[in-house]
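The block underneath contains the structure these notes are about, expressed in structure tokens.
The values are calculated or read from the model by the stated rules, or taken from the named source; none is laboratory data. Not measured: the values here are computed from a predicted model. So basically every Cβ, Gly included, is an ideal-geometry build from the backbone, and we count neighbours across all protein chains shown.
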């Protein structure tokens, strides 16, 4: 069941072992551990409670906001930020996902710097594969396949954060602008698969001990609350 909220789920308060925090604080910690200084928060109209709550600084990070009209997909939402981040190595995450450990994004950035991969995905064990993009790696940590929200799969890991270079930002921008007919919503996994076919290198790093919860549903919100307070 989806949440029926008066406000944005990203700023719901969760009890933790250390007190309480907002849902999005989990992702902000990832950015801080990875060495980020400035975070661009892309929000839709009707999400004004997010900047009102977070302000222009939180968790040691400077926050800037980009408000957009309705977007047909996450791909198009990310593309709206292209002019701002076109020349940067970009770290990407989703503020409605509570994830552990705090350094999976930092591990992805370390691999990108070490290997020069155009995209590095941060992977965590998935409890509900049918809701996420499941990723296959080879023995060297290269992504060799992605199954998007599979009804059944033998794969274990989903990507929850990513780091990518300007080469992939340009590819995503061009892909989003081209006519697409997937018979469904366009997913970031579609773009990553297309990029691989064009020679863009995609790697992954796994945090076997990790976990994540998408708080967009009542059951996972409750699971996140139990996990954080245990």
(message) Report every pair of residues separated by at least 6 positions or lying on different chains whose Cβ atoms are under 7 Å apart, first residue within segment 146-166 and on the phi > 0 side of the Ramachandran plot and modelled with pLDDT of 95 or more, second surrounded by 15 or more Cβ atoms within 10 Å (Cβ to Cβ) and assigned to a loop (DSSP other than H, G, I, E, B).
(response) 149/132
(message) Within segment 72-92, does at least one residue satisfy the condition of being surrounded by fewer than 15 Cβ atoms within 10 Å (Cβ to Cβ) and over 23 Å from residue 167 (Cβ atoms)?
(response) yes
(request) For segment 81-89, state whether one or more residues are under 19 Å from residue 45 (Cβ atoms) and either modelled with pLDDT of 95 or more or touching a strand residue (DSSP E or B) at 6+ places or on another chain (Cβ under 9 Å) (or both). (result) yes
(message) I'm told residue 26 meets every condition in (1) surrounded by fewer than 21 Cβ atoms within 10 Å (Cβ to Cβ); (2) part of a helix (DSSP H, G or I); (3) within 14 Å of the chain's Cα centre (by Cα) except one. Can you identify the failing condition by its number?
(response) (1)
(message) Consider segment 112-129. How many of its residues are surrounded by fewer than 19 Cβ atoms within 10 Å (Cβ to Cβ) and at pLDDT 95 or above?
(response) 5
(message) Please pick out the residue among 15, 20 that is surrounded by fewer than 18 Cβ atoms within 10 Å (Cβ to Cβ), out of contact with any helix residue (DSSP H, G or I) (no Cβ under 6 Å at 6 or more places or on another chain), assigned to a strand (DSSP E or B) and modelled with pLDDT under 95.
(response) 20
(message) I need a count of the residues in segment 38-71 that are surrounded by fewer than 16 Cβ atoms within 10 Å (Cβ to Cβ), assigned to a helix (DSSP H, G or I) and in contact with a helix residue (DSSP H, G or I) (Cβ under 7 Å, 6 or more places away or on another chain).
(response) 2
(message) Among the listed residues 191, 205, identify the single one that is farther than 20 Å from residue 72 by Cβ, at pLDDT 95 or above and under 19 Å from the mean Cα position of the chain (by Cα).
(response) 205
(request) Scan segment 127-142 for residues that are closer than 19 Å to residue 99 by Cβ, outside any loop (DSSP other than H, G, I, E, B) and in contact (Cβ under 8 Å) with a residue 24 or more places away in the chain and jot them down. (result) 129, 131, 133, 134, 135, 137
(message) Restricting to segment 143-166, give me the number of residues that are part of a loop (DSSP other than H, G, I, E, B) and over 25 Å from residue 28 (Cα atoms).
(response) 8
